[in-house]
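Right, one structure below, let's go through it.
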């Protein structure tokens, strides 16, 4: 069964001085402003498409890793996943750096790293980005 997820953006003005507002179809957050300044000059000035991609990858990766570990007989107690998206104006997203630390009873470091590598290669968001952006992985037990 296919599930559709939606988002909507209204943009006003040119790229450099304009701004937009996006909403998620689920309504889980209120309208969020996006600007070129926040995207390419000052990440603390607001959200950006790259931050949303980082959030998508961190949650997708965490789900894939959790599922893979459970299928292997070692469900995690906790996974802490951070993703840093590096954006260069005029060039695009240059890299997504995934860092995960896991509390996984009954598994050794090598098996955890292998499961994390499989999650990186096979989560749907990673697959959507494959061949377009470098994705690095730093995986270790907590």
Order of 1, 63 from fewest to most other C-beta atoms within 10 Å? 1, 63
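Using the Kirkwood radius over C-alpha pairs as Rh, can you work out the diffusion coefficient of the chain via Stokes-Einstein at 4 °C, viscosity 1.567 mPa s, in µm² per second?
Values: Rh = 16.6 Å.
Approximately 78 µm²/s, per Stokes-Einstein.
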Quick check on the range 2-142: of the DSSP beta bridges with both residues there, what percent are antiparallel, nearest 5%? 70
Want the number for residue 26 to residue 6: 0.36 nm per residue separation, take away the alpha-carbon distance, what's left? 6.4 nm
Only counting other Cβ atoms within 10 Å, I'd like 96, 15, 141, 65 sorted with the fewest neighbours first. 15, 141, 96, 65
Please work out the Cα center distance from the range 44-101 to the range 111-126, rounded to the nearest Å. 11
What distance in nm separates the simple spin-label points at residue 142 and residue 71, each placed 7 Å from Cα in the Cβ direction? 2.4
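No lab work stands behind these numbers, since they all come straight from the coordinates. Because the structure is a prediction, the values reported are computed rather than measured. Quick reminder, even Gly has a Cβ in these numbers, built from the backbone with ideal geometry, and neighbours come from all protein chains shown.
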